[in-house]
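As structure tokens, the structure follows; a few thoughts come after it.
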Amino acid sequence: MQILLLTLSSILIVIGPITYIVSITRGVSRPHRMTRFILAFVLGINFFSILAAHGNTGAQVFSGFVFLQALIIFLLSLWQGMGGTNISDYVCLVIAVIGIIGWQFTGDPIIGIWFSILADFSAYVPAFIKTWKHPNTESPWYYFLSMIAVILSLLAYNLDTSSIFQIYIGLCSIAMIAIIYHKKLLKIIRL
């Protein structure tokens, strides 16, 4: 069962970014440049932290795929992205750097995962703001497939401390979906 769940999760981790990449190349999705820069960097550190912590295979595979897709999306954001140069973007970059320094300072891979979550969340803040203002610039499919991939990956193995990053990614995906559809959700709530 573990292999099936991990395989399905891995397939979704590949399909989700492909849908996003296609959406970016068609000019539909316009990722936030600073977000994508920080995410690529932080997810690389997270991947290597999970490897150093000897995290379970699910966490290693998930973080490896997420890092690779983040790198590709960052490169595409340079061409079709938005933003990335205002004060709040640079504040988020500084927070991300603090998270990275924290990981380096402690030398503890598990603490590194927590610092990478701090850094990763600071990367998402500009995207949350951009998407709130321009919800049609993001692909809900990308985040929906990511959320399902996280769930399948978490079901494949017993949870351990290295699983916290997977849980966090799932929560960020849910948040982005809610922000993309916030206008429709607000209309429903007002009824």
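Each reported figure results from applying straightforward, stated rules to the coordinates on display, with no laboratory input. Since the model is a prediction, treat every value here as computed from it, not as a measurement. As a convention, Cβ positions derive from the backbone with ideal geometry for all residues, glycine included, and neighbour counts pool all protein chains shown.
Could you check the spin-label model distance between V97 and Y181? Points 7 Å from the Cα along Cα→Cβ, value in nm.
If labels sit at V97 and Y181, their model points lie 3.9 nm apart.
Within the set of other residues whose C-beta is less than 15 Å from the C-beta of L75, count the net charge using Lys and Arg as +1 and Asp and Glu as -1.
+3
Near the amide H of H32, under 5 Å away, which other amide H atoms are found, from residues 5 or more places off or on another chain, if H is placed in the peptide plane?
M82
Would you calculate, for the chain, the mean residue ellipticity at 222 nm contributed by helices, counting each DSSP H stretch of 4 or more residues as -39,500 (n - 2.57) and dividing by all residues, to the nearest 500?
On the way: 8 runs with 156 residues, N = 191.
Rounded to the nearest 500, the figure is -28000 deg cm²/dmol.
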